[in-house]
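Here's the structure we're looking at; comments come further down.
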Amino acid sequence: MASEQMADGSGGEPPEPVARPLDPIDRDILQMLQKDGRASIRSVAERVHVSRANAYARINRLIDDGVIRGFGARVNHERAGQGASAYITLKIVQNSWRTVRDQLRRMPEASHIALVSGDFDVLILVHTQDNRALRELVLTKLQAIPEVLSSRTLLVFEEEDLGPDS
């Protein structure tokens, strides 16, 4: 798939901020927050042996630099009423990635969207209530996107979360 370029060569989106190199303390903070995103500034500071002000400043810098993109909960999809999961591959019209991505972002069923190389262009991880809802998603919502040329659905039988505390 050819890259999308605007007349100014920018690709249409603002450039990512240049992140500063991470030192061992930054890496320890990241590891701790990945394990427990609800950790207090105080506990982070104690764990990495810096002052609370220093820990607070470092976390804010990691957020400002785009290293930390946000904080969230890891969900057990079955217990949350989303018993059907699937990876869906899409072949899309050349140069339509941003258009397709924007439409996929609006689908609450999509939990991960990636532009990839290989036999297909896009890989999506979706979670739905059941197979009927999955069928509706694939045959109605995804196929309604004009830039989608074809799709393939890989049903997930079992998932394993490989997060830091697994």
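Structure notes:
- Residue-level check: of (1) open to solvent by 50 Å² or more (accessible area, probe 1.4 Å); (2) not in a loop (DSSP other than H, G, I, E, B), LEU137 misses just (1).
- Exclusive hit being free of Cβ contacts under 8 Å to residues at least 12 places away in the same chain, under 30 Å from PRO24 (Cα atoms), in contact with a Leu (Cβ under 7 Å, 6 or more places away or on another chain) and not aromatic (Phe, Trp, Tyr), set ALA114, ALA57: ALA114
- Yes/no for ARG101 being exposed (fewer than 14 other Cβ atoms within 10 Å of the Cβ), without any contact (Cβ under 8 Å) to a residue 24 or more places away in the chain, of a type in the set (D, E, K, R) and in contact with a strand residue (DSSP E or B) (Cβ under 8 Å, 6 or more places away or on another chain): no
- Residues that are open to solvent by 60 Å² or more (accessible area, probe 1.4 Å) and either among the hydrophobic types (A, V, I, L, M, F, W, C) or under 14 Å from LEU137 (Cβ atoms) (or both) within the stretch 74-92 comprise VAL75, ALA80, TYR87, listed in sequence order.
- Of all residues in the stretch 22-55, those satisfying the criterion of being open to solvent by 90 Å² or more (accessible area, probe 1.4 Å) and within 28 Å of SER111 (Cα to Cα) are ARG27, GLN31, GLN34, LYS35, ARG38.
- Candidate set: the stretch 56-73, residues that are closer than 14 Å to PRO21 by Cα, among the aliphatic types (A, V, I, L, M) and assigned to a loop (DSSP other than H, G, I, E, B); chosen: the one most open to solvent (accessible area, probe 1.4 Å): VAL67
The values are calculated or read from the model by the stated rules, or taken from the named source; none is laboratory data. Nothing here was measured: the structure is a model prediction, and the numbers come from that model. All Cβ positions, even for glycine, are placed from backbone atoms using ideal geometry, and neighbour counts span all protein chains on display. With ligands, DNA and RNA removed, areas are computed over all heavy atoms of the protein, side chains included. Shrake-Rupley method; radii C 1.70, N 1.55, O 1.52, S 1.80 Å.
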